[in-house]
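As structure tokens, the structure follows; a few thoughts come after it.
Read the figures in this text as sums done on the coordinates, not as results from a lab. The structure presented is a predicted model; accordingly, all values stated were derived computationally and were not measured. With ideal geometry, Cβ positions are generated from the backbone for all residues, glycine too; neighbour counts draw on all protein chains shown.
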């Protein structure tokens, strides 16, 4: 009998030689009885950042851990309630210490749990600050699950300005080593997708050129390292290890995900304009989902605005900037309503991302990409007008198959205000979920182990 099985890497070739991956089809696999094992499904982690605090009364659910009603601001996520963990009462303790103003400290510690380094950037008060003083949780996880992908992580921005300062970065590969978000969808496409289905001879030539540059850098490293003091050598070793990691990824496979479809090249010349904000965000989320589907990366961040984000939500009928409004008092009912609408709009964007993930089948039995992804929605502040860090608006979203040690979703976890629950423990839980056994994360002084009740 002639076998009609086709490879999972079979490509449809169209005009211009563009290759498009097929979704997984039964014909691509052996009969179930003959298979040695089912395909390995990637597990993923995504950070979703929005700035300037939140309106707690309209955000916080009511009810019990497993029987709760979402607050008004989170209602756009109602169809995904079984995929949520809403956290209430978790403090960012690290942001209460060190140099920098409250926005700076909130932003730099949000994913690192470590105080800022001293520096020269002057905020609205306090001592000048530099960048974050440690690795961010997304990169700690990327070091665990992103070893074999083309990109260990991809950082997407939506008008995330303030480049060069702590206000503009969420992700850090190490202390003082930010990973800048890319705000231009066209640049993301060129970096991440352009080589899929392209001229393999030309791509091989380009990769060889890149490797020759890296070889030259390596030679320079070998001659320079013996001349350095211990601190400088430590810094250079870190830089060199990152170069070696890049060298390894130059030859990694591209576009091998079962549902990989090369997206069209986006074009939005006005990506920096305020009114393009929603369109750019959707483009970036679409590109992120396909980068994950193609298994080009398993870790991503999307940074909406920056700390002290000043976007004007004109598409919601507002003409004042987000940060400006966040300073108004709690007794300003008009501003409280507008800020609630902004929180609700961001919930709609998260719902869009989750919906897109839920439409990509993975692993059979009705499972989708969403089942294999954990999303962390975070903010650098709790109350914008108080620039505070207790009781942060943290939310987890995704599926129960998102990690080796999965979380039970569909819960509202309340921590009493009388206790001090530090977000470093949340970070410990997140890395543990993805198989990193560490008992602390960030500054150990703010850790007591994994966050209680979460795992």
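For a quick protection proxy, order the peptides 379-386, 314-321 by their average other-Cβ count within 10 Å, most packed first. Working shown, then result.
Details: 379-386: 22.8, 314-321: 12.4.
Sorting 379-386, 314-321 by mean packing, highest first, produces 379-386, 314-321.
Find how much the distance from residue 314 to residue 438 grows on full extension, using 0.36 nm per residue of separation minus their present alpha carbon separation; answer in nm with one decimal. Walk me through the numbers before you get to the answer.
On the way: separation 124, 0.36 × 124 = 44.64 nm, distance 4.47 nm.
Taking 0.36 nm per residue and subtracting the Cα distance, the gain is 40.2 nm.
Quickly rank 181-187, 425-431 as a protection proxy: mean count of other C-beta atoms within 10 Å, highest first. Don't skip to the end; give the middle numbers.
Values: 181-187: 19.3, 425-431: 24.0.
In descending order of packing, they fall as 425-431, 181-187.
Multiply the residue gap between residue 62 and residue 331 by 0.36 nm, knock off their C-alpha separation, and tell me the result in nm, one decimal place.
Stretched out fully, the residue 62 to residue 331 stretch lengthens by 94.6 nm.
I'd like the FRET efficiency for residue 324 and residue 223, computed as 1/(1 + (r/R0)^6) with the beta carbon distance as r and R0 of 41 Å, rounded to 0.05. List each step's numbers first, then the result.
Details: r = 53 Å, r/R0 = 1.29.
For R0 = 41 Å, the calculated efficiency reads 0.20.
In what sequence, highest mean first, do 329-341, 160-172 appear when ranked by Cβ atoms within 10 angstrom? Walk me through the numbers on the way to the answer.
Numbers: 329-341: 14.8, 160-172: 22.6.
Final packing ranking: 160-172, 329-341.
Listing 280, 40, 154 from the residue with the fewest other Cβ atoms within 10 Å to the one with the most, what is the order?
On the way: 280 23, 40 7, 154 28.
Starting with the residue having the fewest Cβ neighbours, the order is 40, 280, 154.
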